[in-house]
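The values are calculated or read from the model by the stated rules, or taken from the named source; none is laboratory data. Everything numeric here is computed off the predicted structure, so don't read it as measured data. Note that we place each Cβ from the backbone using ideal geometry, even for glycine, and neighbour counts take in every protein chain shown.
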Amino acid sequence: MSTPAIRLSGLRKTFGPVEAVAGIDLEITDGEFFSMLGPSGSGKTTVLRMIAGFDRPTAGTVALGGRDVTRLPAYERDVNTVFQDYALFPHLSVIENVEYGLKVRKVPRRERRARAEQALEAVQLAGFGGRKPSAMSGGQRQRVALARALVNRPKVLLLDEPLGALDLKLREQMQVELKQIQRDVGITFVFVTHDQDEALTMSDRVAVFDAGRIAQVGTPEAVYEQPATPFVAGFVGTSNLLTGAAARSLTGRDGTFSVRPEKITIGAEGAPGTVSEVIYAGPVTRFVVDLDAGARMVVVEQNRRTGKAQRGERVQLTWQQEHVIEIGGNRAA
Amino acid sequence: MDDDQGIGRRRWQLAALLSAPLLWLGVAYLGALAVLFLSAFWTVNGFTGEVVREFSLQNFRTIVTEEVYRNVTLRSLGVAVAVTLICVALALPMAYYMAKVASPRARHWLVIAILTPLWASYLVKAYAWRVLLANDGPLDSVVGTPGYGLIAVIIVLTYLWLPYMILPIYAGLERLPDSLLEASADLGGRAGQTFRGVVLPILVPSIFAGSIFTFSLSLGDYITVQIVGGKTQMIGNLVYANVGAANNLPFAAAIATIPVIIMVVYLTAVRRSGALEEL
């Protein structure tokens, strides 16, 4: 068994009375595209900063490639970071920014210039080296920050919500490019985001953070299809939670269950209810249906047919038994 | 037609609004400088002591040819440069601590601590230092005193103008995002490399902005020199002596143009660094 690129054991971090990270154990495999997903304040960025060496853990250890680096300062760790605000040096040109890490490590001038130009080429910014960061667009700065980190050939690349400041089109384009770059260079990417679409589309595995702890780790499919907690079910995608009496009458069992909106069909049979909201969203339409059994369900239907249900209309919902996911440990069935 | 009248009226309102400050700038400020410069070309009748209002280069000839004036000018320049450099050296770590290390609470108190001495009278502070630096004074009994002289002048001027250097550097550091320091460390830069490669270059305009104060205030000072300077003379003392004891106003004006010229040269030089936008 190979050593994991990153191993976090019992990691905790408190800021005064606030516990930002409340005990995390995690192994990230070498060459993996790993995402840390969670709402703001869930501790994901703090974990990233402890891996980078910007924050010291209150307790626990950080190991990189099997070596305990908990006490090492940032400049002695073989990781590089792409910052949320890019953190490009404003007084240096683009190529000087990219060269910075090599210069600090005393790589000879000609070699570092060649490597920096190569890195700029890899992010499709060949010929932009002479510009100042202030003369670049947000998307271009993002690529410079990526080149500046990758040129050092780190074992691990940390990305702190790097796409947050970009508009939707550019973000989707960068998602594809990042994934491609990661495959090309083959290094471990640790990607922090609060955007579940981003985490699901790009990652090999996802850790969902909730209040300083990891609620679930798994492949995007596992996290989406088998959420471990109600929080994961609610945060990753939209989910219809069935609890209490509604759960009993709709599934015949006690417990907490989840049904994804796209797994539900509006048809001529099934659980009766009233459409309380119809939201048209281009390729799909979302219906909010109040079931007579007491649950409120969101249903997503592709807009393939005309004549869909109207607000206030009586409808019936069906779903397959296999799409009913029981959440939590105790399996009643 | 209506529009033209509207614009015309607005122009008049603008002119009326600006007239008072423009008058002040033109007459009181530039006018005084012009009179100073003009009178520098006049002379004083040696017998009657009356000002002779005839154009003459005699004052400037004296300043350029007589060694004492060159020495005093160089000494004043040296003091101004030394005070500025020491202020930079002291202000950088202090401002860094205030902006990046201290807690927000402590930061407020430190800013207050920096600003408070500026409310105290210049004379009181200078005389306090005279007491401190005296032979057998408090400083002498602890670490020894350099006594009154050039060193004392540099110490006291550094003390007096240090806040004017700390504040712009502090402001510059506050604007410097922490992520830039982290990015440098992330790329392998130790504290020293981060300071030389990132902090210092970004702070250059702030340092120049502070230096405009420390340099010009030191260059023209004569009161501190009188109080703790012993026999030391600077440009300001020569001006003072010629206005008072020698009663040679034109020559005083000629000497006073020296620091003005030095400052114009200095400001032109630092303008390129963007320091003037930092004021």
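Numerical summary
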read-out: Some residue of segment A:69-79 being of a type in the set (A, V, I, L, M), within 16 Å of B:S184 (Cα to Cα), within 14 Å of another protein chain (Cβ to nearest Cβ) and surrounded by 22 or more Cβ atoms within 10 Å (Cβ to Cβ); value: yes
read-out: Qualifying residue in segment B:201-221 (condition: part of a loop (DSSP other than H, G, I, E, B) and either within 30 Å of A:A149 (Cβ to Cβ) or not charged (D, E, K, R) (or both)); value: yes
read-out: Only listed residue being within 14 Å of the chain's Cα centre (by Cα) and closer than 27 Å to B:N45 by Cα, chosen from B:V260, B:V264, B:V243, B:V239; value: B:V260
read-out: Matching residues, segment A:59-68, being away from chain B (no Cβ under 14 Å) and under 18 Å from A:K13 (Cβ atoms); value: A:A59, A:G60, A:T61, A:V62, A:A63, A:D68
read-out: Selection count where residues are of a type in the set (D, E) and in contact with a Gly (Cβ under 9 Å, 6 or more places away or on another chain), scope segment A:1-46; value: 3
read-out: Which numbered condition A:E198 misses (of (1) more than 22 Å from A:S40 (Cβ to Cβ); (2) away from chain B (no Cβ under 13 Å)); value: (1)
read-out: Members of segment A:286-304 found to be surrounded by fewer than 15 Cβ atoms within 10 Å (Cβ to Cβ) and over 34 Å from the mean Cα position of the chain (by Cα), listed by number; value: A:D292
read-out: Residue count, segment B:204-231 (criterion: of a type outside the set (G, A, S) and over 19 Å from the mean Cα position of the chain (by Cα)); value: 1
read-out: Options B:F208, B:F213: the member that is more than 7 Å from chain A (Cβ to nearest Cβ), modelled with pLDDT of 90 or more and touching a Ser or Thr at 6+ places or on another chain (Cβ under 6 Å); value: B:F208
read-out: Selected residue (criterion: surrounded by the fewest Cβ atoms within 10 Å (Cβ to Cβ)) from residues of segment A:80-93 that are hydrophobic (A, V, I, L, M, F, W, C) and under 13 Å from B:S179 (Cα atoms); value: A:F89
read-out: Which listed residue, of A:L163, A:L158, is away from chain B (no Cβ under 14 Å) and buried (at least 22 other Cβ atoms within 10 Å of the Cβ); value: A:L163
read-out: Helices (runs of 4 or more DSSP H) lying entirely in segment B:67-143 (those with 2 or more residues that are modelled with pLDDT of 90 or more and not aliphatic (A, V, I, L, M)); value: B:67-96, B:104-115, B:122-133
read-out: Within segment A:176-199, considering residues that are in contact with a strand residue (DSSP E or B) (Cβ under 7 Å, 6 or more places away or on another chain) and hydrophobic (A, V, I, L, M, F, W, C), the one farthest from A:V232 (Cα to Cα); value: A:I187
read-out: A:R56 being within 14 Å of chain B (Cβ to nearest Cβ), touching a Leu at 6+ places or on another chain (Cβ under 9 Å) and of a type in the set (K, R); value: no
read-out: Selected residue (criterion: surrounded by the most Cβ atoms within 10 Å (Cβ to Cβ)) from residues of segment B:76-98 that are of a type outside the set (A, V, I, L, M) and under 18 Å from B:I212 (Cα atoms); value: B:C87
read-out: Condition check for B:L176: surrounded by fewer than 18 Cβ atoms within 10 Å (Cβ to Cβ), of a type outside the set (S, T, Y), within 14 Å of another protein chain (Cβ to nearest Cβ) and closer than 30 Å to A:Q142 by Cα; value: no
read-out: Some residue of segment A:28-48 being part of a strand (DSSP E or B) and over 16 Å from the mean Cα position of the chain (by Cα); value: no
read-out: Candidates B:Y266, B:Y222 - the one that is in the same structural domain as B:Y122 (by TED's automatic domain parsing), crowded, with 17+ Cβ neighbours inside 10 Å and closer than 30 Å to B:L132 by Cα; value: B:Y222
read-out: A:I51, sole failed condition from (1) at pLDDT below 95; (2) more than 10 Å from chain B (Cβ to nearest Cβ); (3) touching a Lys or Arg at 6+ places or on another chain (Cβ under 9 Å); value: (1)
read-out: Segment A:133-155, residues that are surrounded by 14 or more Cβ atoms within 10 Å (Cβ to Cβ) and modelled with pLDDT under 90; value: A:G139
read-out: Residue check, A:G10 part of a strand (DSSP E or B), in contact with a Leu (Cβ under 8 Å, 6 or more places away or on another chain), in contact (Cβ under 8 Å) with a residue 40 or more places away in the chain and more than 14 Å from every other protein chain (Cβ to nearest Cβ); value: no
read-out: Condition met for A:D85 (under 19 Å from A:I187 (Cβ atoms), in the same structural domain as A:G212 (by TED's automatic domain parsing), in contact with a Pro (Cβ under 8 Å, 6 or more places away or on another chain) and not basic (K, R)); value: no
read-out: Flag for B:R105 being outside the structural domain of B:V225 (by TED's automatic domain parsing) and basic (K, R); value: no
read-out: Residue that is surrounded by the most Cβ atoms within 10 Å (Cβ to Cβ) [pool: residues in segment B:187-200 that are out of contact with any Leu (no Cβ under 8 Å at 6 or more places or on another chain) and part of a helix (DSSP H, G or I)]; value: B:G197
read-out: Out of B:W119, B:W129, sole residue that is aromatic (F, W, Y), exposed (fewer than 12 other Cβ atoms within 10 Å of the Cβ) and out of contact with any Cys (no Cβ under 7 Å at 6 or more places or on another chain); value: B:W119
read-out: Residue tally, condition within 14 Å of chain B (Cβ to nearest Cβ) and either over 15 Å from A:R153 (Cβ atoms) or loosely packed, with under 12 Cβ neighbours inside 10 Å (or both), over segment A:104-130; value: 1
read-out: Selection count where residues are closer than 24 Å to A:Y224 by Cα and either in contact (Cβ under 8 Å) with a residue 40 or more places away in the chain or buried (at least 16 other Cβ atoms within 10 Å of the Cβ) (or both), scope segment A:305-323; value: 5
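So that you can scan it fast, the table gives a plain yes or no per residue for (1) within 23 Å of A:F33 (Cβ to Cβ); (2) at pLDDT 90 or above:
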site: A:F209; (1), (2): yes, yes
site: A:I214; (1), (2): yes, yes
site: A:V223; (1), (2): yes, yes
site: A:V236; (1), (2): yes, no
site: A:T251; (1), (2): no, no
